[in-house]
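Data block below; observations after.
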Amino acid sequence: MSETTLTGNRGLQQEEPLLFEQGHPGHSGVDLPEPEPVAERLGGVKRQRDIGLPGLSEPQVVRHYTRLSHMNYAIDSGFYPLGSCTMKYNPRLNEKMARLPGFADIHPFQPESTVQGALELVDLTARWLKTLTGFDGVAMSPAAGAHGELCGLMCIRAALEARGDARKTVLVPESAHGTNPASAHFCGYKVRSIPANARGRVDLEALKGALDDSVAALMLTNPNTCGLFEDEILEIAQAAHDAGALFYCDGANFNAIMGRVRPADLGIDCMHLNLHKTFSTPHGGGGPGSGPVVMTQELANHAPLPWVTEGADGFRLLEHAGDTGSDGAPLGRIKGFHGQVGVFVRALAYMMSLGRDGLEQAAEDAVLNANYLLEGLKDDLSPSYEGPCMHEVLFDDRFLKDTGLTTLDIAKGLLDEGFHPMTMYFPLVVHGAMLTEPTETETRETLDQFMETVKGLADRARAGETAALSEAPRLTPRRRLDETSAARNPVLRWTPPEDQA
Amino acid sequence: MRYLPQTDADRSAMLAAIGVDSVDELYRDVPRAARLTRPLDLPGHAGEVKVERDLQALAARNVPAGSVPCFLGAGAYRHHLPAALDHLIQRGEFLTAYTPYQPEVSQGTLQTLFEFQTQVALLTGMEVANASLYDAASACAEAALMAARLTRRNRIVVSGALHPQYRSVTETHAHYVDLTVEAGKPNPWQAEDLTGEPDKDTACVIVQYPDFFGRLDDFTALAEACHAAGALLVVAVPEPVALGAVQSPGDMGADIVVGEGQPLGNPLAFGGPGLGLFATRKKFVRQMPGRVPGQTVDEDGRRGYVLTLSTREQHIRREKATSNICTNSGLCALGFSIHVSLLGEAGLQRLAAINHARAVRTADALDGLEDVNVLNESFFNEFAVSLPRPAAEVVETLAGMDVLGGVPVSRFIRGDPQLDHVMLVAATETTTDDDLTALTVALKEAV
Amino acid sequence: MSTTYFTKEHEWVRVEGDEGTVGITDYAQKALGDVVFVDLPDAGTEVETGGEIATIESVKAASEIYAPLGGSVSAVNDALNDAPEKVNEDPEGEGWILKMTLSDTAELDSLMDADAYRAYLDTLE
């Protein structure tokens, strides 16, 4: 039990009630004038009762959110080695640029002549992404990685149908992100799993055995979710193409190879990029993201609307299938408006800042940092596969054998030490996974301190000092939460006391 | 390079610790044939001065909506954003946090999302809401898919006055999972009656409120018709400020309410990122897409929040998940929630009243012009007008006079000569009397 | 007179005449952890042997229940809607999941009896 105080606060850790438990009816944090008197034209559906919102002044609102912010871990405050998430530093220049009125305050349906700079921004971002990956086309509208997966698979299905060769199945490795099979399902495909080999890579022979004329696409992450580069990728691509299938790559891990390898040169047909991972746009506690999909020209002919093109009279925004030229056969629209333009501004500011040389250096430093962790922790934790790794390193829970502790306990112990844990229990191909991605924006000193901490926790576990871990975290704003009761009796919103049963 | 902390000395020492001579050795698993042997055709790194200059030059080639009289809507609305809002959004603890998978150190994000869900549920009149989807259009598609799962039916009926982009996104998604979408004809001159549509094959009827042409309608009878046929009623709300002035879709019997949250707390940003609102009945929650925080207690009995009902989601259920969505619009949801908190009950109702009053004034002014006719009997802050010339041409002429006068319907729907003459006009609390004068003067000339 | 049979998927079925009551075994509930929700089928649902008839969810996993035998669902345990924990507390009693009318009781021969199931569990150790 942690030490108690009269207020429930603990120094800078201050408790904060819900908005709905504060304020006074009638109060507001915004001063608005009296509405001018007009004859109301609400068509008989004028609101008859109050909404039920509280009324708070501006200082109350600012304090509410500031106190809540103190209960969050963030990349600004510490090391965030979440594998497969690329929690790198989010430059503030990106934010400043996205707030220029010429980007933040333009309406999506302004006439083309008044948004030439915005259309050029989309085109310029697209050009950077195509050059970095070696592809001819890119669909810019997907709002996130999973949205990009779905977009890419839809393009694949449209292209295969255009070839007169509609197929039914998508092959996905066991180690894939859960979004991969889910995206395949929502594209109307059956999902078949393919196994990994002992080296943590796709089993090429098993893959060849699974490739038949029902397979529309192979969906692979590379570097893969075990932190390894698929060293037989050229053979994998060849086998897929020989079988008439297309090759989708989940680009979540592009941070490891940007500037050094172009995915198009690996035989890949289509790949999404997570601008909120690789290109430093903030995660914002869960989004928004942006997931442009780079692709071959054959697929790009089917890319969803809208398209941005450059002509003699400047940039154009093509919003109708009929405008996309003789090869154009867009599959429709997958998002309102024109894509996550506000995120493009941030990603472009980042790419322009680092440039060709800086992006390559960033990839190399990310890989260097991960291998440094692998080397430093290999004797204390249990690495799942032999190195070198790419930008993330996978450990499993063999080092906890007979301690009675789990991966979760190590993660919670790290919270008390002021670190965010690595990604736990993913990928599913090893037991008790700890997928660790340091990114390039951490100092050697931070990595050293992290390793010392992890080693210390592992030593304690092996020495039988288990309580410190199994009861962790003790020092965080909340201790372990009861997820079982949350799921059994979901309380998903505040309810006024008078309405509670 | 300012974002990369390692020095060359660090790099050398780390390579030595790893036991390799160069970083190239760490890339040895990359097939030789696929390694880049020449630098990419891209510029080298640049300092803040140059990047700012280059991006400012691009931004300067756009006309910010706030720099001219602006009457654009059609699903994206320009409202005043309080100063405190952007300050709070930019706190690094919110801006640079990941998805709250470690609840002990993510209570800030989790509590704000729990509050957001409550606000969305209250505004829409529904029992529960999720922590957001990408935007209204994709939320609309997700609602159709959810209705199909719940009813085990595959016919989706879509109002002709649903935003054409919401309809288009719904059609795309429906196509790939073999659902049929039947859409009505867009008609700003005549009210639509869909009560005869729901039948035993219908999963849902999707309507919009206020509709694409700005009209308001009472869907109570339609909800009853849907329920009598075993179908669901989905209501899409493009402008949540309207809910401060009009009855909630929940009060009319809606089963799923989707919406665009951008107008509250978020800039236009050329249409993205948006904020997909999604609310439904509690009994349907296990078929709801997207993340959802719930309330619980920690080991010391203190109230706290966790992501819950995770078994619906792709990271556990894979191809059997309710959606493939992972990333949502968390920070945009925070912006929405802060704006609604600042407004409060009284502020939101007053903001809605001001928007309506400004729109009534605008409609009256335009109706007074020769050859310009307001088509709506009812509206909130946006309405349709018919013009003597094709609206697309009029809009260009107005832009030449530095007025963003409206959105031509032909931007979305082509090949209908009557609709070609229709323009959508929106007014908000940011619309001044001078703006209105500029519009009427320019429009007189343009038509 | 009833007899209880078991499957390799760790389900049990208690048979009286042509009616079978289906649940999961103690071994299965322990492996799943705290059950938070049981997605029950509608009464009248027809199912073939081995078909999915229900889903049991814990906090971090969802597991399908497969029909041990073909037939139609005649009743479901509605009490699990409010108290899914019964599956953990009393898996082979109050935590039953559904009842079905079996289409072919001859299929019972393909299932294990209690002794055979115990022996099967030993092979999993």
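None of the figures in this text is laboratory data; all of them are computed from the coordinates on show. Worth saying up front: this structure is predicted, and the values here are computed from it rather than measured. A quick note on method: Cβ atoms are made from the backbone with ideal geometry, for glycine too, and the neighbour counts reach across all protein chains shown.
Quick notes on this one:
- Here the sum of -39500 (n - 2.57) over DSSP H runs of 4 or more residues, divided by the residues of chain A, equals -10000 deg cm²/dmol at 222 nm, to the nearest 500.
- Sequence-distant residues sharing a close amide H with C:G50 (under 5 Å, placed H): C:A67, C:L69
- For the protein assembly as shown, share of DSSP beta bridges that run antiparallel, in % to the nearest 5: 70
- Of A:T131, B:A161, B:G415, farthest towards positive along the dipole that unit charges on Lys, Arg, Asp, Glu beta carbons give the protein assembly as shown: A:T131
- Rounded to whole Å, sorted largest first: equivalent-ellipsoid semi-axes of chain B, Cα gyration tensor: 41, 31, 23
- For segment B:9-112, applying the loop criterion from DSSP together with a ceiling of 14 other beta carbons within 10 Å to the trypsin sites (Lys or Arg not before Pro) yields B:R28.
- Think of each Lys and Arg Cβ as +1 and each Asp and Glu Cβ as -1; about the Cα centre, that makes the dipole of segment B:83-339 roughly 660 debye.
- Loop-resident sites, segment A:359-463, for GluC sites (Glu not before Pro), counting at most 15 other Cβ within 10 Å (DSSP): A:E386
- Segment B:1-70 versus segment B:93-121: alpha-carbon centroid distance in Å: 31
- 3J(HN,Hα) from dihedral phi, segment B:111-128, Karplus parametrisation 6.51/-1.76/1.60, rounded to Hz, x for glycine, proline: 5, 5, 6, 4, 5, 4, 4, 5, 4, 5, 4, 5, 5, 8, x, 10, 7, 9
- Based on Cα contacts under 8 Å between residues 6+ apart, chain A shows a relative contact order of 18 percent.
- Proximal aspartates and glutamates relative to A:K168, as straight alpha-carbon distance under 15 Å, when same-chain residues fewer than 8 apart are discounted: A:D212, A:D213, B:D178, B:E319
- Cα gyration tensor shape of chain A, rounded if a/c is under 1.5, else prolate or oblate by comparing a/b with b/c: oblate
- Set of segment B:59-78 residues, backbone N closer than 16 Å to the point 7 Å along the Cα-Cβ line of A:E310: B:59, B:61
- Projecting the Cα positions of A:A461, A:P477, A:N489 onto the charge dipole of segment A:382-501 (unit charges on Cβ atoms of Lys, Arg, Asp and Glu, taken about the Cα centre) puts A:N489 furthest along the positive direction.
- Listing A:S77, A:S353 from fewest to most neighbouring C-beta atoms within 10 Å gives A:S77, A:S353.
- Longest DSSP-loop-exposure-free segment, GluC sites (Glu not before Pro), chain B, at most 12 other Cβ within 10 Å: B:1-369
- Sequence-separation-based contact order of chain C, relative, with Cα cut under 8 Å and 6+ spacing, percent: 29
- Label zone at A:R163 (point 7 Å along Cα-to-Cβ), backbone N below 12 Å, segment A:246-275: A:246-248, A:269
- Counting DSSP beta bridges with both ends in chain B, the antiparallel % (nearest 5): 55
- Residues whose amide H falls under 5 Å from that of A:I194, counting only those 5 or more places apart or on a different chain, are A:V172, A:E174, with hydrogens built in the peptide plane.
- Listed residues B:D199, B:D255, B:D416, most fluctuating in chain B (Gaussian network, C-alpha, under 10 Å): B:D416
- The helix-based estimate of mean residue ellipticity at 222 nm for chain B, built from -39,500 (n - 2.57) per DSSP H run of four or more residues and divided by its residue count, is -11000 deg cm²/dmol to the nearest 500.
- Where labels lie 7 Å past Cα in the beta-carbon direction, separation of A:L234 and C:A119 in nm: 5.6
- Only beta bridges with both residues in chain A are counted; by DSSP, about 55 percent of them are antiparallel.
- For chain C, a simple Cβ point-charge model (Lys and Arg +1, Asp and Glu -1, everything else neutral) yields a dipole of about 180 debye relative to the Cα centre.
- For segment C:54-125 versus segment B:230-286, the gap between their alpha-carbon centres in whole angstrom: 40
- Converting phi to 3J(HN,Hα) with the Karplus coefficients 6.51, -1.76 and 1.60 and the offset θ = phi - 60°, segment A:25-34 yields x, x, 7, 8, x, 9, 8, 10, x, 4 Hz in sequence order, with x at every glycine or proline.
- Sorted ascending by nearby beta carbons within 10 Å, beginning with the fewest, B:V257, B:V23 become B:V23, B:V257.
- A Cβ-based charge dipole, computed about the Cα centre of the protein assembly as shown with Lys and Arg at +1 and Asp and Glu at -1, lands at about 1540 debye.
- Annotation: the residues A:H420, A:H272, sorted from fewest to most other C-beta atoms within 10 Å of their own C-beta, follow the order A:H420, A:H272.
- Förster-model FRET efficiency, 51 Å R0, B:A33 and B:R286, C-beta, rounded to 0.05: 0.55
- Summarising the amide proton neighbourhood of B:E260: residues at separation of 5 or more, or on other chains, whose placed amide H is nearer than 5 Å comprise B:V237, B:E239, B:L277.
- Fluctuation leader among B:F212, B:F380, B:F114 - chain B, Gaussian network, Cα springs under 10 angstrom: B:F114
- Stokes-Einstein translational diffusion, segment B:83-339 - Kirkwood Rh over all Cα pairs, 1.567 mPa s, 4 °C, in µm²/s: 70
- Derived from the Cα gyration tensor, the three semi-axes of the equivalent ellipsoid of the protein assembly as shown are 44, 36, 30 Å, largest first.
- Segment B:373-389 - phi-based ³J(HN,Hα) in whole Hz, Karplus 6.51/-1.76/1.60, Gly and Pro as x: 10, 6, 8, 7, 8, 10, 6, 9, 10, 8, 8, 9, 10, 9, 10, x, 10
- One Cα centroid belongs to segment A:262-280, the other to segment A:323-357; the line between them spans 14 Å.
- Using a cut-off of 29 Å between Cα atoms, the listed pairs A:K88/A:K378; A:K46/A:K96; A:K88/B:K50; A:K46/B:K185; A:K412/C:K30; A:K130/B:K50 include A:K46/A:K96 as exceeding that distance.
- Positive-end residue, segment B:315-384 charge dipole about Cα centroid, Cβ charges, pick of B:L348, B:G335, B:N324: B:N324
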